[in-house]
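Each remark here refers to the structure printed beneath this line.
The values are calculated or read from the model by the stated rules, or taken from the named source; none is laboratory data. The model shown is predicted, which means the values in this text are computed figures rather than measured ones. Because the Cβ atoms are built from the backbone with ideal geometry, glycine has one as well, and the counts that use them run over all protein chains shown. The accessibility values were calculated without ligands, DNA or RNA, using every heavy atom of the protein model including side chains. Shrake-Rupley method; radii C 1.70, N 1.55, O 1.52, S 1.80 Å.
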Amino acid sequence: MSSTQEPQARPRILSGIQPTSDTIHLGNYLGAVRQWAQLQEDFEPFFFIANQHAITVEHDAKLLRERTYRAAAQLVAAGVDPERSAIFVQSHVPEHAQLGWIMECITGFGEARRMTQFKDKSAKIGEGSVSVGLLTYPMLMAADILLYRPQYVPVGEDQRQHLELTRDLAQRFNHRFKKTFRLPEAYIPKATAKIMDLQDPTSKMSKSASSPAGLIDVLDDPKVTAKKIRSAVTDSGSEVRFDEAEKPGIANLLRIYSALSGTEIEALEKQYAGKGYGDFKKDLADVVVEFVTPFRDRTLALLDDRAELDRILAAGAEKARAVAARTLVDVYDRVGFVAPVRSADQ
Ligand code: ATP
Ligand code: LTN
């Protein structure tokens with residue numbers, strides 16, 4: 001049996017996060033990272049910090065290094081257990097870039113240009129100014145995924161198109177050469193796929209939000225966070241009811257409340273029947289502070305021990321390379337690359 005067809009003890013999952021901010025926001029946490037911690041129970045997990053993706057746009061080297069550590073610390077603080085999950089840095093596993101090249105060579109130029117994220121970003125800064133890396137980013141992402149042959153890829157809704165491309169490329173490769181890759185599925189939790197901005201509940205919460213008041217940064221001072229919740233935009237009327245169309249602000253707050261407290265939205269509606277928005281937001285602020293305070297403390301403690309973070313990342317890269325290197329040997333063979341012979345064997 002060839003190495004990529006070995007049976008897996010537990011089905012794998014894989015996901016990545018870009019180290020492009022000092023702290024993850026509540027959308028990243030509820031939409032992605034929290035699932036990672038939950039899924040590690042039943043799957044064999046690989047989670048990485050996508051530092052090679054982070055240089056597709058202009059960046060500051062010192063900040064990138066610091067944010068890489070911050071991302072690692074936040075994953076561990078969020079409950080991703082380094083004993084159970086491989087937590088690693090993308091550039092520590094060179095097979096990502098190596099398979100990325102092969103993915104680029106089986107992708108059409110027009111196909112790459114049509115990706116929504118590329119179109120949006122190049123429209124914003126102009127096609128002449130965007131890097132070629134931004135164009136080929138989805139092929140690197142396909143390589144990130146296919147190297148590990150995961151069953152699921154937990155991401156937010158905005159990554160669905162990249163997952164579709166990954167499946168297309170896997171199929172194309174399997175068809176053109178030999179069945180090598182498993183077709184991965186996106187794992188997108190319905191309830192928290194999109195957490196909205198607190199000041200503009202029709203846009204998703206994002207680090208590039210127009211106003212910082214709409215964004216809950218998980219490492220912010222909990223007092224600031226509580227204030228942002230209390231001043232979140234609500235809707236006309238005074239009833240705490242889940243109505244996405246009429247009451248997008250309250251619906252978003254109910255989602256956050258339910259996700260963090262584990263109480264069903266219907267039960268929350270009952271609990272707040274006859275009470276106003278003020279009481280509701282005050283209680284939600286307490287719930288959010290109860291979550292962010294220990295999260296922040298754990299993250300800051302981890303950031304104080306860089307040697308421990310280095311150790312976690314080295315162990316993660318070792319686990320990841322063991323899998324990635326085997327896949328790449330098969331891929332190289334199937335595309336017709338001559339295997340290198342060590343001089344000692346000659
Ligand atoms: P941003 O929009 O803040 O720039 P991003 O998508 O670039 O976020 P990443 O750090 O690359 O941020 O994403 C980490 C994960 O968080 C991804 O799986 C993404 O889909 C998810 N995510 C980002 N924003 C939200 C949101 N508002 N609601 C739910 N999930 C989100
Ligand atoms: N493109 C993703 C980050 C990312 C990723 C991946 C996610 C890079 N490679 C592989 C899942 C699997 C983003 O911007 N959120």
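Looking at region 13-37, which of its residues are in contact with a Ser or Thr (Cβ under 9 Å, 6 or more places away or on another chain), open to solvent by 30 Å² or more (accessible area, probe 1.4 Å) and either more than 12 Å from ligand 2 (Cβ to nearest atom) or at pLDDT 95 or above (or both)?
Correct list: R34 only.
Can you go through A170, A191 and tell me which one is closer than 25 Å to I24 by Cβ, of a type in the set (G, A, S) and out of contact with any Lys or Arg (no Cβ under 6 Å at 6 or more places or on another chain)?
A191
Which ones in region 47-62 are part of a loop (DSSP other than H, G, I, E, B) and β-branched (V, I, T)?
T56, V57
Which of the following residues is within 14 Å of ligand 1 (Cβ to nearest atom) and of a type outside the set (A, V, I, L, M, F, W, C): P138, P82?
Within the list P138, P82, the selection yields P138.
Looking at (1) surrounded by fewer than 16 Cβ atoms within 10 Å (Cβ to Cβ); (2) within 29 Å of L219 (Cα to Cα); (3) touching a residue at least 12 places away in the same chain (Cβ under 8 Å); (4) of a type in the set (A, V, I, L, M, F, W, C), find the lone condition where L302 falls short.
All conditions pass for L302, except number (1).
Within region 301-346, track down each residue that is at pLDDT 95 or above, part of a loop (DSSP other than H, G, I, E, B) and either in contact with a strand residue (DSSP E or B) (Cβ under 9 Å, 6 or more places away or on another chain) or more than 30 Å from Q171 (Cα to Cα) (or both).
If the condition is that a residue be at pLDDT 95 or above, part of a loop (DSSP other than H, G, I, E, B) and either in contact with a strand residue (DSSP E or B) (Cβ under 9 Å, 6 or more places away or on another chain) or more than 30 Å from Q171 (Cα to Cα) (or both), then D304, D305 are the ones that fit.
Have a look at S210, S203, S231 and point out the one that is polar (S, T, N, Q) and farther than 23 Å from Q18 by Cα.
Exactly one of S210, S203, S231 is polar (S, T, N, Q) and farther than 23 Å from Q18 by Cα, namely S231.
Can you pull out the residues in region 93-130 that are at pLDDT 95 or above and small (G, A, S)?
A97, G100, G108, G110, A112, listed by residue number.
With respect to the numbered conditions (1) more than 12 Å from ligand 1 (Cβ to nearest atom); (2) hydroxyl-bearing (S, T, Y); (3) touching a residue at least 12 places away in the same chain (Cβ under 8 Å); (4) open to solvent by 10 Å² or more (accessible area, probe 1.4 Å), which one is the sole condition not fulfilled by S129?
(3)
Kindly establish whether D197 is within 16 Å of ligand 2 (Cβ to nearest atom) and of a type in the set (D, E).
no
Considering only region 76-96, how many residues are of a type in the set (S, T, N, Q) and not in a loop (DSSP other than H, G, I, E, B)?
2
Where residues in region 233-249 are among the small types (G, A, S) and open to solvent by 40 Å² or more (accessible area, probe 1.4 Å), which of them is farthest from L284 (Cα to Cα)?
A245
Give me the residue from region 148-162 that is in a strand (DSSP E or B) and near ligand 2 (Cβ under 9 Å from one of its atoms) and, out of that set, modelled with the lowest pLDDT.
Step by step, filter region 148-162, then rank; the result is P154.
Take region 106-120 and flag every residue that is of a type outside the set (A, V, I, L, M) and open to solvent by less than 80 Å² (accessible area, probe 1.4 Å).
T107, G108, G110, E111, T116, Q117, F118 - these are the residues of region 106-120 that are of a type outside the set (A, V, I, L, M) and open to solvent by less than 80 Å² (accessible area, probe 1.4 Å).
Looking at D310, is it surrounded by 12 or more Cβ atoms within 10 Å (Cβ to Cβ) and of a type in the set (D, E)?
yes
Picking from L254, L198, L183, which residue would you name as being farther than 27 Å from A142 by Cβ, modelled with pLDDT of 95 or more and in a loop (DSSP other than H, G, I, E, B)?
Being farther than 27 Å from A142 by Cβ, modelled with pLDDT of 95 or more and in a loop (DSSP other than H, G, I, E, B) holds for just one of L254, L198, L183, which is L198.
If you take the residues of region 97-126 that are in contact (Cβ under 8 Å) with a residue 60 or more places away in the chain and assigned to a loop (DSSP other than H, G, I, E, B), which of them is farthest from the chain's Cα centre (by Cα)?
Out of the qualifying residues, it is I106.
Do we have any residue at all in region 136-143 that's of a type in the set (F, W, Y) and assigned to a helix (DSSP H, G or I)?
Within region 136-143, one or more residues are of a type in the set (F, W, Y) and assigned to a helix (DSSP H, G or I).
Would you mention how many residues in region 203-229 are touching a residue at least 24 places away in the same chain (Cβ under 8 Å), touching a Leu at 6+ places or on another chain (Cβ under 8 Å) and closer than 21 Å to A251 by Cβ?
Number satisfying all stated conditions: 6.
Checking the conditions here, which among A97, A170, A123 is among the small types (G, A, S), closer than 20 Å to A320 by Cα and either open to solvent by 30 Å² or more (accessible area, probe 1.4 Å) or within 12 Å of ligand 2 (Cβ to nearest atom) (or both)?
Testing whether each residue is among the small types (G, A, S), closer than 20 Å to A320 by Cα and either open to solvent by 30 Å² or more (accessible area, probe 1.4 Å) or within 12 Å of ligand 2 (Cβ to nearest atom) (or both) leaves just A97.
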